[in-house]
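Q: First, the structure itself, so that you have it in front of you.
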Amino acid sequence: ISSHYANPMTASIKVFDIPELTTLIANNLSQHDLTFCCLVSKFWFDTFTPHLWHSITFRGYDATPKFRSPEGRAGLVRNGHHIRVLRATSLDLLEPFVEYGQTCTNIVSLDGQSIGRTSASKLVPRTAAMVSKSRRGLPEPGQRQDTAAPVQGAKSPVQKFKDGKAILMSILERNPQLEFVVVPSHCMVSEDVLKLAEESLLSLKEFFTPTDLRSSEPAINFSLFRKTVLQPHTQPTPALTGVVHPTERMLSRPLMKNYPRLMELQLDLASRINHDELEAVKFADKMSINSLEIDGCGSHQAAQVCRQILMIAPPLKSIEIFSVSQEGSPIDSSVISAFLKHAPTLQFLNVGGSYVNEETLQCLLCSCHSLKMFWTMSHDLGIEHTIESKLSALEVIKSPWVCNTLEVLKCKIASVPRPDIAVVHIGDYFAMQSWSPTLLSQEPPEPSALQASRNIQRKVLMQLGQLIHLRTLCLGTSSYPYTNREYSQLQIKGIGTVIVDGTIQTDCLELSLESGLDELAGLKELEEIVVYRMAHRIGVEEVQWMVENWPKLKKISGLQYESDDNEIN
């Protein structure tokens with residue numbers, strides 16, 4: 001023991017006889033510190049050199065490019081076999097490895113377009129292992145670098161593209177044991193790169209491009225808030241946010257379909273990252289979260305993700321869901337159970353811009369006792385594939401609503417049989433200019449059909465009449481398509497024929513006294529009624545009735561038939 005104290009170096013040698021302890025020490029030293037460790041003695045040099053060379057990072061803004069001097073290249077040849085992790089912000093920076101990287105045959109992780117710390121922090125544990133050594137590639141104060149002068153003359157983007165691919169192929173061919181590979185997005189459309197990875201890199205665990213982690217392409221974004229005021233368009237700072245990337249984007253890559261192993265790796269990566277994003281929602285119950293917003297960007301997988309988030313989230317008072325589904329892929333009955341979890345607390349629901357089927361909407365109105373705002377109308381029909389959610393008249397009359405506290409209802413009621421209406425499609429604006437009015441039958445509608453229609457309408461209005469706290473009743477929208485606008489000839493028998501925008505709703509409530517408008521006499525708090533773009537039958541008598549029976553009424557919107565209101569007869 002005394003001899004060890006007499007010679008401290010002998011004690012340190014004994015410590016380094018334990019490989020695990022040596023690795024633990026090295027992992028907690030910076031690149032700069034490791035360099036000085038290698039200068040202590042030959043034993044320390046042999047011990048710490050593998051750790052010093054374990055991870056190498058290239059950056060385009062490095063003061064002096066690595067391995068460009070004769071000494072640097074000699075060092076690469078001499079120590080290349082120690083490199084396990086290799087990163088670069090651009091593949092062309094790895095050019096020295098083509099000629100002087102013959103000994104670099106033990107690389108396990110290759111990042112050809114550095115994904116950076118921000119993205120790395122979101123990765124699951126297995127992916128994080130790939131970037132866990134990133135600290136060693138960061139410049140430290142006083143860190144030694146090659147002393148060669150910077151390379152003169154910047155390469156063009158095209159030349160970088162060509163050189164980068166050749167450099168990547170060279171490194172992949174020398175390192176068939178690679179487990180983690182990140183490549184620039186252009187490599188995902190290179191048959192040579194994909195074929196080499198599929199057939200030669202048999203140990204691959206991850207193979208992806210940075211855009212798979214932080215792409216601006218369709219993704220499902222969600223935010224959880226602590227809102228004190230449950231009003232639309234109020235945007236406090238989110239307490240928790242997340243992004244789920246739909247796997248449909250990866251499946252759409254044409255070349256990848258030829259390489260099933262790579263495709264499986266990509267889907268597995270997306271699944272694990274998405275799982276981690278959704279797992280974070282579990283912490284929301286400890287953060288006093290009461291509101292959720294989801295923007296699905298029209299993804300077909302968004303409805304399923306929506307269900308998962310709703311099932312994990314704590315009881316919510318406000319739910320807003322935008323662009324979560326498309327025609328043929330609605331938020332349907334499979335999501336009802338997730339919505340109903342929040343029925344006891346839900347006060348504000350906005351699904352404008354998403355396609356929620358009529359059964360789900362009806363179920364919510366029959367289950368949410370505390371609901372104050374119910375909003376299904378889209379404000380932007382100009383967005384391609386936008387489909388509005390609507391209540392079906394036949395669904396409405398099936399069972400009573402329990403949302404008697406409702407104050408704002410913005411929802412179309414459709415599927416109302418209207419035998420008193422006839423419509424002739426005209427076409428676009430230019431077709432309308434040369435169009436001649438079509439002579440339509442002036443015969444009144446069949447009495448039995450008209451009576452059946454009005455029986456249904458009266459039952460619907462009886463349901464609405466129970467909402468005695470209602471302040472805003474919006475049954476129609478003023479939105480219309482920005483492009484490809486179409487027109488129709490609309491005949492409302494007994495009133496007249498007009499030219500209207502093709503988006504006018506013709507299967508709506510007529511809102512006449514004959515159809516049951518008087519069932520709304522109990523809405524004494526009503527301040528506004530909106531009937532834009534509806535083929536209603538509101539006339540002077542109906543307006544007079546509204547004024548007399550709704551003492552707080554301030555505004556009636558949409559009395560004229562949108563849009564041009566050109567009377568023909």
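The values are calculated or read from the model by the stated rules, or taken from the named source; none is laboratory data. As the structure is a prediction and not an experimental result, all values here were calculated from the model. So basically every Cβ, Gly included, is an ideal-geometry build from the backbone, and we count neighbours across all protein chains shown. These area figures cover heavy atoms from the full protein model, side chains too; ligands, DNA and RNA do not enter into them. Shrake-Rupley method; radii C 1.70, N 1.55, O 1.52, S 1.80 Å.
Q: Provide the solvent-accessible area of Glu548, counting protein heavy atoms only and rolling a 1.4 Å probe, rounded to the nearest 10 Å².
A: Rounded to the nearest 10, the figure is 130 Å².
Q: Which distance in nm do the two modelled labels at Ser478 and Leu24 give, with both placed 7 Å along the Cα-to-Cβ direction?
A: 7.0
Q: So, one more: Please state the charge dipole magnitude for region 403-535, taken about the Cα centre, from unit charges on C-beta atoms (+1 on K and R, -1 on D and E), reported in debye and rounded to the nearest 20.
A: 160
Q: Quick one: which residues, 5+ away or cross-chain, put their amide H under 5 Å from the amide H of Ala414? H built at 1.01 Å from N.
A: Leu391, Ser392, Ala393
Q: Quick check: from the Cα gyration tensor, does region 349-463 come out rounded (a/c under 1.5), prolate or oblate?
A: Oblate shape, in that a/c is at least 1.5 and b/c is the bigger or equal ratio.
Q: Also, quick follow-up: Run the numbers for Ser203 and Asp62: contour at 0.36 nm per residue of separation, minus the present Cα-Cα distance, in nm.
A: Full-extension gain reported as 47.6 nm.
Q: What list of ³J(HN,Hα) values in whole Hz, one per residue of region 500-514 in order, does the Karplus curve 6.51 cos²θ - 1.76 cosθ + 1.60 (θ = phi - 60°) give from phi, with Gly and Pro shown as x?
A: My calculation for region 500-514 gives 10, 5, x, 8, 4, 7, 10, 10, 9, 5, 7, 6, 9, 4, 5 Hz in order.
Q: Arranged from highest to lowest average of other beta-carbon atoms within 10 Å per residue, in what order do the peptides 314-320, 44-50 appear?
A: Taking the mean over residues of other Cβ atoms within 10 Å, the ranking is 314-320, 44-50.
Q: For Val402 and Lys195, compute 0.36 nm times the residue count separating them, minus their Cα-Cα distance, and round to one decimal in nm.
A: My answer for the length gained is 68.5 nm.
Q: To continue, here is another question. Probe radius 1.4 Å, ligands and nucleic acids left out: which of Leu340, Leu475 has the largest accessible area, and how do the rest follow?
A: Result, largest first: Leu340, Leu475.
Q: Amide H of Lys227 versus every other amide H placed in the peptide plane: which residues, excluding those fewer than 5 positions away on the same chain, fall under 5 Å?
A: Asn290, Ser291
Q: Can you compute the modelled spin-label distance between Val543 and Phe45, with each label point 7 Å from Cα toward Cβ, in nm?
A: Those two pseudo-labels are separated by 9.8 nm.
Q: For region 404-492, what does the alpha-carbon gyration tensor say about shape, rounded, prolate or oblate, given a ≥ b ≥ c as the root eigenvalues, a/c under 1.5 as rounded, and a/b over b/c as prolate?
A: oblate
Q: Could you pull out every residue, at least 5 positions away or on a different chain, whose amide H is within less than 5 Å of the one on Gly558? Hs are placed 1.01 Å off N in the peptide plane, and Pro or chain starts have none.
A: Counting only residues 5 or more places away or on other chains, the set is Val531.
Q: Additional query: What ³J(HN,Hα) values, in whole Hz, does the Karplus curve 6.51 cos²θ - 1.76 cosθ + 1.60 give for region 262-269 when θ = phi - 60°, with x put for Gly and Pro?
A: Working through the residues one at a time gives 5, 4, 4, 4, 5, 5, 5, 4 Hz.
Q: Something else about it: How much of the accessible area of region 483-564, in percent, comes from carbon and sulfur atoms when a 1.4 Å probe is used?
A: Heavy-atom surface of region 483-564 belonging to carbon and sulfur, 1.4 Å probe: 44 percent.
Q: Classify region 174-213 as rounded, prolate or oblate, taking a ≥ b ≥ c as the square roots of the eigenvalues of its Cα gyration tensor: rounded when a/c is under 1.5, otherwise prolate if a/b is larger than b/c and oblate if not.
A: Oblate, because a/c is 1.5 or more while a/b does not exceed b/c.
Q: Where the accessible area of region 362-469 is counted over protein heavy atoms with a 1.4 Å probe, how much of it, in %, is carbon and sulfur?
A: That share works out to 57 percent.
Q: I need the phi-derived Karplus couplings for region 400-414: 6.51 cos²θ - 1.76 cosθ + 1.60, θ = phi - 60°, integer Hz, Gly and Pro marked x.
A: Along region 400-414, the couplings run x, 7, 10, 7, 6, 8, 4, 10, 10, 10, 10, 7, 6, 10, 10 Hz.
Q: Here is a further query. Work through the residues other than Ala239 whose Cβ is under 11 Å from its Cβ and net out their charges, Lys, Arg +1 and Asp, Glu -1.
A: +3
Q: Net charge near Ile294: determine it from the other residues with C-beta under 13 Å of the C-beta of Ile294, scoring Lys and Arg +1 and Asp and Glu -1.
A: So the surrounding residues net to -3.
Q: Once the other residues with Cβ under 14 Å from the Cβ of Asp420 are scored (Lys, Arg +1; Asp, Glu -1), what is the net sum?
A: -1
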